[in-house]
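Enquirer: Would you mind keeping the following structure in view while I ask a few things?
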Amino acid sequence: MQIRFDGRVALVTGAAQGIGRAIAAALADAGARVHLADIDEAGVQAAAKELGATGHAADLGSPEAAQALVREIVAVDGRLDLLVHAAGGVRGQVGRAIEAISEDDWRVIFAANVDAAFFLAQAAAPVMKQAGYGRIVTISSGAGLRPSLTGIQAYASAKHALVGLTRQLAWEFGPHGITVNSVAPGFVRSNPASERQWQSYGPEGQKRLVESIHTRRLGTPEDIANATLFFLSEQAGWISGQVLSVDGGRS
């Protein structure tokens, strides 16, 4: 089975590094016209240049920013077929007791992981509905299905909310030829935050984590990209509202 995206226009958020960048690279390799978005302007422009794609510096935690980004893409390419929301993460936070969590700690994680996904889907909906076609994939987490290894209350809650949003959008968008699915990665050393988390476990904790994974290895960004491209493909046209755990069998 060959998966190609020739003639398709894709947007990948959180694409300056890690999982988002790997998804953008895989889409570009498969023939898509790819737009990368990230809050890290230097990082996203460097990634876009390397991939032969278009980079957009954007903080997508507001509806205005999401609408502006989609308008810009449609103005250039006339369409938006594929949307991958890989932005989010822990925003530099570490696990702490609930008494130590500020309102800002809570809200910044929800803004990145949930608000941006909602606002982007809202902005893309008219374009995809008019075309009668669309593929949306959210990158959730194993933390969206069970307690989080990070120990961060907002992160686990936000990823659970993202799973719920994915399923609700699948129900709403299905009659318009738009599928919506989610990939839930296990532990992937994909960016500075995940690397700090990995180092915090120490040798014994790292050993225990790897031994809890059926395949006895950590995931890679490319593992997540492969699953994402399947959901985006023509071959997955009758799959919607699903959450795929990509975690080496740990779940």
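Readers should treat all values here as calculations from the given coordinates under stated rules, not as data from a laboratory. Quick caveat: nothing in here was measured; it's all calculated off a predicted structure. Using ideal geometry, Cβ is built from the backbone for each residue, glycine included, and neighbour counts are taken over all protein chains shown.
Enquirer: Could you work out how much longer the chain between ILE98 and ILE239 gets when fully extended? Use 0.36 nm per residue separation minus the Cα distance between them, nm to one decimal.
Expert: Numbers: separation 141, 0.36 × 141 = 50.76 nm, distance 3.79 nm.
My answer for the length gained is 47.0 nm.
Enquirer: Taking only Cα atoms, what is the 0 to 90° angle, nearest 10, from helix 18-29's long axis to the longest principal axis of the chain?
Expert: Relative to the chain, helix 18-29 is tipped by roughly 30 degrees.
Enquirer: Sticking with this structure for a sec: Round to the nearest 10 and give me the degree value, 0 to 90, for the angle of helix 41-51's Cα axis relative to the longest principal axis of the chain.
Expert: 60 degrees
Enquirer: I need the calculated FRET efficiency for the pair TYR201 and ARG4, taking r as the beta carbon distance and R₀ as 51 Å, to the nearest 0.05.
Expert: Details: r = 40 Å, r/R0 = 0.78.
According to the calculation, E is roughly 0.80.
Enquirer: Using the C-alpha atoms of the stretch 7-56, what convex hull volume per residue, in cubic angstrom, is computed? Mind showing how you got there, number by number?
Expert: Values: hull volume 2.6 nm³, N = 50.
Considering the Cα atoms of the stretch 7-56, their hull volume per residue is 52 Å³.
Enquirer: At a temperature of 10 °C and a viscosity of 1.306 mPa s, determine how fast the chain diffuses translationally according to Stokes-Einstein, using the Kirkwood radius over alpha-carbon pairs as Rh; express D in µm²/s, rounded to the nearest whole number. Intermediate values should be presented prior to the final figure.
Expert: Details: Rh = 18.1 Å.
So the translational diffusion coefficient is about 88 µm²/s.
Enquirer: Pull up the cross-link candidates among the lysines for LYS159, meaning alpha carbon to alpha carbon under 28 Å and not fewer than 8 places away within one chain.
Expert: Filter leaves LYS129, LYS207.
Enquirer: Right, next: Considering the stretch 177-251, what Rg and Dmax in Å follow from its alpha-carbon atoms?
Expert: 14.6, 48
Enquirer: Could you give the spread of the C-alpha atoms of the stretch 140-192 along their three principal axes, from largest to smallest, in whole angstroms?
Expert: On the principal axes, the stretch 140-192 reaches 38, 21, 15 Å in Cα extent.
Enquirer: Starting from 0.36 nm per residue, how many nanometres of slack lie between GLU222 and GLN130 once their C-alpha separation is accounted for?
Expert: Numbers: separation 92, 0.36 × 92 = 33.12 nm, distance 3.21 nm.
Result for the pair: 29.9 nm of gain on full extension.
Enquirer: Using all Cα-Cα distances in the stretch 54-185, what percent lands in each 10 angstrom bin from 0 up to the longest?
Expert: Pair shares across the bins are 13, 41, 31, 12, 2.
Enquirer: While we're here: Using only the alpha-carbon atoms of the stretch 1-129, report the extent along each of the three principal axes, biggest first, to the nearest angstrom.
Expert: Principal extents (Cα only, largest first): 51, 31, 29 Å.
Enquirer: Using all alpha carbons of the stretch 75-138, what is the percent of pairwise distances in each 10 Å bin, ordered from the shortest bin to the longest?
Expert: Histogram of Cα-Cα distances, whole percents per bin: 19, 39, 22, 14, 6.
Enquirer: Could you please rank ARG79, ARG217, placing first whichever residue has the fewest other Cβ atoms within 10 Å of its Cβ? Provide the component values of the computation, followed by the final result.
Expert: Values: ARG79 18, ARG217 10.
Placing the least packed residue first, the sequence is ARG217, ARG79.
Enquirer: Rounded to the nearest 20 Debye, what is the dipole magnitude of the chain about its Cα centre when Lys and Arg each give +1 and Asp and Glu each give -1 at the C-beta? Walk me through the numbers on the way to the answer.
Expert: Numbers: 22 positive and 24 negative charges, 124 e Å.
Once rounded to the nearest 20, the dipole reads 600 debye.
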